[in-house]
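One structure is given below, encoded as structure tokens.
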Amino acid sequence: MSTYLINHLRIPGDVPNLSALDYLDQVEATVAPYGGKWLAMGPATVTEGTWPGAVVLMEFPSREQADNWYNSAAYQKILPLRVNSAISDIVLIDELPEGFTVKAYAADVRRQITGG
């Protein structure tokens with residue numbers, strides 16, 4: 001089951017500094033051994049609320065691979081280049097199971113609430 005990484009990214013001044021560019025030069029090599037790939041990256045169109053900055057969307061083959069990448073020595077070595085150059089809110093979320101529907105989810109929650 002795939003796991004997705006979502007990064008709400010804000011770069012001060014909207015222009016990456018040299019450390020951020022060094023991070024970008026090196027990050028792909030840290031992701032490749034874990035099967036990660038970029039699906040989307042850049043400014044988003046905000047349809048509700050506010051979302052300053054950009055979005056990075058990545059996919060990993062599993063939660064284990066995503067965790068292993070993030071905690072790897074290679075990534076931890078370059079992590080300060082990003083952390084010291086940008087503001088990021090990063091979340092991991094797993095793919096929904098085959099056959100998932102929002103209606104069935106609501107029914108399940110309803111059963112849990114009512115005990116029936």
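The values are calculated or read from the model by the stated rules, or taken from the named source; none is laboratory data. These numbers were taken from a predicted model, which means no experiment stands behind them. Every residue, glycine as well, gets a Cβ built from its backbone with ideal geometry; the counts of neighbours run over all protein chains shown.
Some notes on this structure:
Quick grid of which residues meet (1) more than 25 Å from Pro12 (Cβ to Cβ); (2) surrounded by 14 or more Cβ atoms within 10 Å (Cβ to Cβ); (3) among the polar types (S, T, N, Q):
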site	(1), (2), (3)
Arg63	yes, yes, no
Asp67	yes, yes, no
Tyr70	no, yes, no
Pro80	no, no, no
Ile90	no, no, no
Asp94	yes, no, no
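- Within the range 27-56, tally of residues that are under 13 Å from Trp69 (Cβ atoms) and surrounded by 14 or more Cβ atoms within 10 Å (Cβ to Cβ): 6
- Residue pairs meeting the criteria (Cβ under 9 Å; at least 6 apart or on separate chains; first of a type outside the set (A, V, I, L, M, F, W, C), in the range 40-51; second outside any loop (DSSP other than H, G, I, E, B)): Gly42/Ala54; Gly42/Val55; Gly42/Val56; Pro43/Ala54; Pro43/Val55
- Hey, Ser62 modelled with pLDDT of 95 or more, closer than 24 Å to Pro97 by Cα and within 17 Å of the chain's Cα centre (by Cα) or not: yes
- Tally, over the range 18-39, of residues that are farther than 25 Å from Met1 by Cα and without any contact (Cβ under 8 Å) to a residue 40 or more places away in the chain: 4
Let's see how each residue does on (1) out of contact with any helix residue (DSSP H, G or I) (no Cβ under 7 Å at 6 or more places or on another chain); (2) part of a helix (DSSP H, G or I):
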site: Ile6; (1), (2): yes, no
site: Gly13; (1), (2): yes, yes
site: Tyr23; (1), (2): no, yes
site: Val31; (1), (2): no, yes
site: Gly42; (1), (2): yes, no
site: Glu48; (1), (2): yes, no
site: Pro52; (1), (2): yes, no
site: Met58; (1), (2): yes, no
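- The range 2-28: number of residues that are closer than 15 Å to Leu39 by Cβ and of a type in the set (Ser, Thr, Tyr): 3
- When Asp89, Asp25 are screened for being of a type in the set (Asp, Glu) and over 16 Å from the mean Cα position of the chain (by Cα), only Asp25 passes.
- Residues of the range 59-110 that are in contact with a Lys or Arg (Cβ under 8 Å, 6 or more places away or on another chain) and over 24 Å from Ala32 (Cβ atoms): Ile87 alone.
- Among the conditions (1) at pLDDT below 95; (2) within 20 Å of Tyr4 (Cβ to Cβ), the only one that Thr114 does not satisfy is (2).
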